[in-house]
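Below is one structure, written out as structure tokens; comments come after it.
The values are calculated or read from the model by the stated rules, or taken from the named source; none is laboratory data. Predicted model, so just to flag it, every value in this text is computed and none were measured. As a convention, Cβ positions derive from the backbone with ideal geometry for all residues, glycine included, and neighbour counts pool all protein chains shown.
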Amino acid sequence: MTVFIASLFLPKTVHFTLPGTPPRGSLSGKSRPGDRPILEKTPTLFQPQPQLNITPPHTPTEEHKRVDPFTNEDGLRVQLPPLDTTAKALGTGAPADRGSPTWGARPDQPMSRANSPPPPSLIDSNRTLQQKAREMGRQGITQPRTLPRSDSHDRVFAHANWRVVSADQGNGGLRNAAEAAAREGKLGDYTWVGTLGMPTEALQGTQQLQDIEDRLATEHDMLSVFCSDKDFDGHYSHFCKQILWPVFHYQIPDNPKSKAYEDHSWKYYVNVNQAFADKIVKNWKRGDVVWVHDYHLLLVPGMVRKKLPDAKIGFFLHVAFPSSEVFRCLAVRKQLLEGMLGANLIGFQIHEYTRHFLQTCSRLLSAEATPDGLQLEDRFVDVVSLPIGIDPVSLSQHRDESEVKKWINIMRERYAGKKLIVARDKLDHVRGVRQKLLSYELFLNKNPEWRDNIVLIQVALSTSEKSELDATVSDIVTRVNSSWANLAYQPVVYLKQDIDYAQYLALLSIADALMITSQREGMNLTSHEYLFCQDGKIGEKKHGSLILSEFTGTSSLFGGNELSVNPWDYRACADAIKTALEMGDEEKERRWNKLYEAVNHHTGSHWFSELGSRLDRVYEEQHRRDQTSVPRLSMSTLIQQYKRTERRLFILDFEGTLVSWGPVNQIIPVSPQRTLDVLNDLLLDDRNTIYVMSGRRPEELDRLFRRVPNLGLIAENGCFLKDCGSSTWIEMADSDQIRTWKESVKNILTYYLERTPGAEIEDRRCSLIFHYKSAEDYEAAMRQATDCASHINDACEEQRVHAIPLDGCVLVEPIDWTKSTAAQKIFADLRAHMAPDITHKSPVDFLMVVGDGREDEKVFKWANTLGEEKVVQEVVTVSLGIRNTEATATLTQGVSGVLMALQKLAQYV
């Protein structure tokens, strides 16, 4: 069995050695295993390097600086072997750009055909072409792929020596987690699926590209996905970064504004996702597991499912998932959701994102959301929350390096007597760098005694963000430093570049506080690394404070032991800085111990192995419940089970099972005579006990079954129970609780009723139904009903009530009283009434449950559990529906098949 790990970027990429240029980090042209790229200079905390060269504009509407689109996707520093001194990005748990050479502008990789043509040094002397390219670049026009290029450029790379190196971009958290799980024996054979993180169109059709693909597959277990440069540029630079990234972080993209432009980039997003799906399908074997990661590949699960219906597929989203109000702004919202729902298991970082996803699917797809996942028409999709973490083992190894200890000593000497607040963020609006600096400025204004004694070190990673934010942040830094700096003191050290990894670990080790003010973030792993580095292993135990935005996924893991802040509340942030600096050692240690415990529990290895275990469980359960996997009811077997038992209990659904469906909001005057006859015939045997369950009111069921004495009834889906031979109803539900939530729900239903002409509200004793089948505009009414269900589920969750969209109506009922709870009460009462001298383990030895609806599934599951635990000798659960089911058998003949089966049993009196 192979586990395919699909993420946009592979952990490896390729560097070329061009004629006339010195090799980088290697004396030979061809790669050797273990070769790593080496930068000529390592970024340093104290000697900032100049910004790297940048390319012309890349959007059709504005000219602004652009950095490499092939960037470290989750911000977690990719921890390469010691040979590699490349500066690497680290620790935020969500995609982050970093200042690396522009895509296609690196001297050791091909130019992209999706962008401007190659620089003059690599093309022929066609001055007219060069002039045209420069003019188009100044106008902000993206060069079309069909723009004439120099054949010499392609030939150079088609024959250049190359080597495989560790990539400094990609999902570092995922990579570290997979390596940790494999190291600990929790992950066996696994293969990465992704792109090389560089333009490859110049190499298409060459032996060079085939050799690269073969080398990665055979030596590194990596399947390379190749797509045109234009497809990748449209997919990543436009759709992912300009549309999906802002929306997933609660920001509606201002540019591009038009739907036409979104459609333009959407097709490239589809193309790249299809390339991934095709690569997986081509290499998949029965028993293999497919794991798809992050927002770049939302369509891949559905595409793979279409070709491989039986595949075991998991999907995990590493960034935040917004509320339905934000997500619904996407023009392709349904396509994205349906793509994700191709997976058997969908994972999110925290429960908040899980809830948003369930609500969004319920609202936009009218899917039934349950606490465990989504019930689709033909199958169930499990949805879980499981936060990713760091790899403590690998981190400890890096901290033992002499370079880290050297930098700790340097920084202690340089900042002796000062309190250090450290921060490392991508410089974009989502990270809240501006809010952080304004809060720090306010702190210095309010607390003059701390001036000269505190330093904020802000490392800001390069980004493709508009320059306005960069200018604003620089202005704040200048203002703060000009106000309080002197020859010996600078309150803010602001670095617009990443720092060396050893410096980063040293900085976390000596910091007095880490300040994270993200406006929205999936999982911030910098905080995990900071807490781990504060253990005193390579220095004094600082037990520094953690100032953490409440809008990060990490915040939900720490149980309030961090100093939680709202980034927009500058005064509260300033107060948090003061609290962090003045907190007593005992409280610091107490908080740190709790935080450290959480970090050690939620490790990357634990995350990876737990996701795999859950996928295995849900896949087996879903496969078992698949309608095509459930056998037909065998009449001969059923008769044998019936004949060899003495104490029998039947729990039968009413509409859709004993009678055909009728109008839910109308009282059926009488049940079909055949149904009544079959029930009466079964009850002639005093060894049989029968209960009929329905969503109808008690008075309706009394009228329907008045001619069937000794019949037990369950009304309003478990809220009312009438025992066999009894004339009174037992109210199972708490009437006070029902009355309370009804008042809230009625107000919501009335709001939507006023906006849906032709709809009506049915008020039952324990439930409410919003009927819209007779609405004047059915399509509009259906949208209103979906919004109504979502609104109720959002607003009334704590009142233990949920709204279920059904065909032509929305049913609102309590969560705590169901058909299953009524069935359990019946079973318990039968046991209580057993004669004292009877030693039977169970009051019945034959239990048969028949139903067709989703609300019957809980009864099936309860009954099956009794059979698996040998509480009941013979258990038969039968579903008439065409969806996946918990039942152990199906009947395809519908109501007629049920009545026929019961009639045959009644013959054996």
Item to complete: Inspect all residues belonging to region 146-157 and state whether any of them is aliphatic (A, V, I, L, M), in the same structural domain as Leu297 (by TED's automatic domain parsing), surrounded by 17 or more Cβ atoms within 10 Å (Cβ to Cβ) and modelled with pLDDT of 90 or more.
Response: no
Discussion item. Against the condition closer than 26 Å to His429 by Cβ and touching a strand residue (DSSP E or B) at 6+ places or on another chain (Cβ under 7 Å), how does Asn566 come out, does it pass?
Written reply: no
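Okay, residues lined up against (1) in contact (Cβ under 8 Å) with a residue 40 or more places away in the chain; (2) more than 39 Å from the chain's Cα centre (by Cα):
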| position | (1), (2) |
| --- | --- |
| Lys825 | yes, no |
| Asp829 | yes, yes |
| His833 | no, yes |
| Glu874 | yes, yes |
| Ile882 | yes, no |
| Leu891 | yes, no |
Practice prompt. At least 2 residues that are more than 24 Å from Arg854 (Cα to Cα) in each: list the strands (runs of 3 or more DSSP E) lying fully within region 370-426 that qualify.
Written response: 419-426
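Residues that are surrounded by fewer than 20 Cβ atoms within 10 Å (Cβ to Cβ), in contact with a helix residue (DSSP H, G or I) (Cβ under 9 Å, 6 or more places away or on another chain) and without any contact (Cβ under 8 Å) to a residue 24 or more places away in the chain: list the helices (runs of 4 or more DSSP H) wholly contained in region 302-368 that include at least 3 such residues. Walk me through how you get there before you give the answer.
Values: elements: 324-327, 333-340, 351-365.
In region 302-368, there are no helices (runs of 4 or more DSSP H) which contain 3 or more residues that are surrounded by fewer than 20 Cβ atoms within 10 Å (Cβ to Cβ), in contact with a helix residue (DSSP H, G or I) (Cβ under 9 Å, 6 or more places away or on another chain) and without any contact (Cβ under 8 Å) to a residue 24 or more places away in the chain.
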Worksheet item: Considering region 617-628 alone, what residues qualify as being polar (S, T, N, Q), surrounded by 12 or more Cβ atoms within 10 Å (Cβ to Cβ) and in a loop (DSSP other than H, G, I, E, B)?
Response: Gln627
Worksheet item: Leu427 versus (1) modelled with pLDDT of 90 or more; (2) buried (at least 21 other Cβ atoms within 10 Å of the Cβ): which is the lone unmet condition?
Response: (1)
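Mind telling me which of the residues Leu811, Leu847, Leu806 ends up being in contact with a Leu (Cβ under 6 Å, 6 or more places away or on another chain) and either of a type outside the set (Phe, Trp, Tyr) or assigned by TED's automatic domain parsing to the domain that holds Phe720 (or both)?
From the options Leu811, Leu847, Leu806, the qualifying one is Leu847.
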Worksheet entry | Matching residues, region 722-740, being farther than 26 Å from Gln673 by Cβ and touching a Leu at 6+ places or on another chain (Cβ under 9 Å) | Ile730, Glu731, Met732
Practice prompt. Filter the helices (runs of 4 or more DSSP H) completely within region 467-568 down to those with at least 1 residues that are in contact with a Pro (Cβ under 8 Å, 6 or more places away or on another chain) and at pLDDT 90 or above.
Written response: 467-484, 526-533
Discussion item. Against the condition within 30 Å of Thr821 (Cα to Cα) and surrounded by 19 or more Cβ atoms within 10 Å (Cβ to Cβ), how does Val599 come out, does it pass?
Written reply: no
Worksheet item: Taking region 271-298 as the region of interest, how many residues are among the aliphatic types (A, V, I, L, M), surrounded by fewer than 24 Cβ atoms within 10 Å (Cβ to Cβ) and either farther than 19 Å from Gln335 by Cβ or touching a helix residue (DSSP H, G or I) at 6+ places or on another chain (Cβ under 7 Å) (or both)?
Response: 3
Worksheet entry | Looking only at region 629-652, and only at residues there that are surrounded by 13 or more Cβ atoms within 10 Å (Cβ to Cβ) and out of contact with any Lys or Arg (no Cβ under 9 Å at 6 or more places or on another chain), the one that is farthest from Asn717 (Cα to Cα) | Thr637
Worksheet entry | Subset of region 723-755 that is farther than 28 Å from Ala785 by Cα and hydrophobic (A, V, I, L, M, F, W, C) - its residue that is surrounded by the most Cβ atoms within 10 Å (Cβ to Cβ) | Met732
Response to the item:
Of the residues in region 376-388, those that are more than 16 Å from the chain's Cα centre (by Cα) and surrounded by fewer than 18 Cβ atoms within 10 Å (Cβ to Cβ) come to Leu376, Glu377, Asp378
Worksheet item: Would it be correct to say that Ile714 is buried (at least 19 other Cβ atoms within 10 Å of the Cβ), under 26 Å from Val859 (Cα atoms) and within 35 Å of the chain's Cα centre (by Cα)?
Response: no
Practice prompt. Sort out which residues of region 1-36 are more than 19 Å from Met111 (Cα to Cα), surrounded by fewer than 18 Cβ atoms within 10 Å (Cβ to Cβ), at pLDDT below 70 and hydroxyl-bearing (Ser, Thr, Tyr), and write them in order of number.
Written response: Ser28
Worksheet item: Does region 637-648 contain at least one residue that is of a type in the set (Asp, Glu), modelled with pLDDT of 90 or more and either in contact with a helix residue (DSSP H, G or I) (Cβ under 8 Å, 6 or more places away or on another chain) or not assigned by TED's automatic domain parsing to the domain that holds Val895 (or both)?
Response: no
Discussion item. Just the residues that are more than 12 Å from Cys573 (Cβ to Cβ) and either within 41 Å of the chain's Cα centre (by Cα) or part of a helix (DSSP H, G or I) (or both), please, taken from region 435-455.
Written reply: Leu444, Asn445, Pro448, Glu449, Trp450, Ile454, Val455
